[in-house]
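Right, one structure below, let's go through it.
The values are calculated or read from the model by the stated rules, or taken from the named source; none is laboratory data. Computed from a predicted model, the values in this text were never measured in an experiment. Every residue, glycine as well, gets a Cβ built from its backbone with ideal geometry; the counts of neighbours run over all protein chains shown.
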Amino acid sequence: MNVYGEVCTAALEDVYKHRLRARVEFRGDAQFQLGDLLPPAIASYRSLLKEGKSAAQSWAQSEVFDALDAREKDCSCRAAIDR
């Protein structure tokens, strides 16, 4: 599987697993493409990571903060590889 496929697979697994409720523009014909779904899902995922990091920091949970930070960096690296 190529890098793009791995990025998409990982992102879609997180979307399903965490039910990100990403905002997607309505299409009357329901013919959504990956390009319609993936960017809003990734944006929602990153937003939740930032909120989680903020909460972990405010509760002085350094282990949780570090884990979320690592995920955020991994997500950024994968997006950079895809470009």
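Name the residues in segment 42-66 that are closer than 20 Å to Arg19 by Cα and at pLDDT 90 or above, would you?
Lys50, Glu51, Gly52, Lys53, Ala55
Out of segment 28-69, which residues are free of Cβ contacts under 8 Å to residues at least 12 places away in the same chain, part of a helix (DSSP H, G or I) and of a type outside the set (Gly, Ala, Ser)?
Pro39, Glu51, Gln57, Glu63, Asp66 - these are the residues of segment 28-69 that are free of Cβ contacts under 8 Å to residues at least 12 places away in the same chain, part of a helix (DSSP H, G or I) and of a type outside the set (Gly, Ala, Ser).
Only one of Glu25, Glu72, Glu6, Glu13 is in a helix (DSSP H, G or I) and modelled with pLDDT of 75 or more; which?
Residue meeting the stated conditions: Glu72.
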